[in-house]
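Colleague: Dumping the structure here so I can ask a few things about it.
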Amino acid sequence: MRDKHTSGAPWRNFYGRIKGKGLRDSQERYLAEDLGKLAPSGVTWDDNPDRKLADLTQWFGDSRDVWLEVGFGGGEHMVHQAASNPDVGIIGCEPYINGVAMLLGKIRDAGVENVKVHAGDARDMMDVLPENSISRAFLLYPDPWPKKKHHRRRFVTPEHLDPLAKVLKSGAIFRVATDIEDYVRQTLEQVLASGEFDWLADGPDDWRKPWGDWISTRYELKALREGRTPHYLTFRKR
């Protein structure tokens, strides 16, 4: 098997969905009218085969703290954080185009302007983010890949955690929310094994209770309806 695409991109397996059921007319309009304005340039391998590092001051117009949300789902949390923290720049990565369309509608409704949206693989984004540039990262209800043979597809593996650690500042916070107990196990195992993070937990309430600025997402509400227990893990980059 070849090691790279013709663009120079490495061969990275991608297992998640790119598109689901048909989009509504309004969502098609959001994608046509808004995504191009919110998508940061120089992230894809076709646009930036040399992997030149991004200038985040150009993306957000000034020097500010920048947060990263990996897999923003329907965008509830990302828009909530953007509205609550207008002085912060927030980058969201999501390859599922239906989720991107939902986010764009929420951005319109909320009128937030401090966001960038990458409708693609978060690994491509982490390629071009400068080292020590991200102050906070979120991984919220990621695809659980429940079968044991598929656990290597989860985000909490060195393939993703190593570049994430590289772009996070010392002292940056990494939040993980999941309702899958085995995902909790793998997260604690892999994140701590990286040697890059400390787990900020003194007692059960530190992973049983949501963060003070939390907003429940559609995936969490589904988990609660189906009787699964959310877990909230907080790590700090060393």
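The values are calculated or read from the model by the stated rules, or taken from the named source; none is laboratory data. The model shown is predicted, which means the values in this text are computed figures rather than measured ones. Cβ: placed from backbone, ideal geometry, glycine included. Neighbour counts: every protein chain shown. Ligands, DNA and RNA are stripped out before the accessible areas are found, and what is left, the full protein with its side chains, is counted by its heavy atoms. Shrake-Rupley method; radii C 1.70, N 1.55, O 1.52, S 1.80 Å.
Colleague: Just need a number here: residues in the stretch 73-103 that are open to solvent by 10 Å² or more (accessible area, probe 1.4 Å) and either among the aromatic types (Phe, Trp, Tyr) or assigned to a strand (DSSP E or B) (or both).
Modeller: Number satisfying all stated conditions: 1.
Colleague: With respect to residue 187, is the statement that it is of a type in the set (Val, Ile, Thr) and surrounded by 17 or more Cβ atoms within 10 Å (Cβ to Cβ) true?
Modeller: Numbers: of a type in the set (Val, Ile, Thr): yes; surrounded by 17 or more Cβ atoms within 10 Å (Cβ to Cβ): yes.
Criteria met by residue 187.
Colleague: Which residues, counting only those in the stretch 212-238, are closer than 12 Å to residue 199 by Cβ, open to solvent by 90 Å² or more (accessible area, probe 1.4 Å) and either among the acidic types (Asp, Glu) or part of a strand (DSSP E or B) (or both)?
Modeller: Listed by number, the list holds a single entry, 236.
Colleague: Starting from the stretch 197-211, keep only residues that are under 13 Å from residue 178 (Cα atoms) and open to solvent by 60 Å² or more (accessible area, probe 1.4 Å), then list their pairs with residues that are part of a loop (DSSP other than H, G, I, E, B) and of a type in the set (Gly, Ala, Ser) whose Cβ atoms are within a distance under 7 Å, requiring at least 6 positions of separation or different chains.
Modeller: Once the first residue is under 13 Å from residue 178 (Cα atoms) and open to solvent by 60 Å² or more (accessible area, probe 1.4 Å) and sits in the stretch 197-211, its partners that are part of a loop (DSSP other than H, G, I, E, B) and of a type in the set (Gly, Ala, Ser) give 207/201.
Colleague: Can you tell me which residue in the stretch 162-211 is farthest from residue 137 (Cα to Cα), limited to those that are outside any helix (DSSP H, G or I) and aliphatic (A, V, I, L, M)?
Modeller: Here is the first cut: in the stretch 162-211, the residues outside any helix (DSSP H, G or I) are 168-180, 194-204, 209-211.
So of that shortlist, the ones also aliphatic (A, V, I, L, M) come out as 168, 172-173, 176-177, 180, 200-201.
Working: 168: 8, 172: 8, 173: 6, 176: 9, 177: 12, 180: 20, 200: 15, 201: 17 Å.
Applying the filter and picking the extreme gives 180.
Colleague: Now, a different point. Identify the single condition in (1) modelled with pLDDT of 95 or more; (2) within 21 Å of residue 72 (Cα to Cα); (3) not aromatic (Phe, Trp, Tyr) that residue 217 does not satisfy, given that it satisfies every other one.
Modeller: That leaves (1) as the condition not met.
Colleague: How many of the residues in the stretch 129-161 are closer than 25 Å to residue 80 by Cα, part of a loop (DSSP other than H, G, I, E, B) and among the hydrophobic types (A, V, I, L, M, F, W, C)?
Modeller: Total meeting the criteria: 3.
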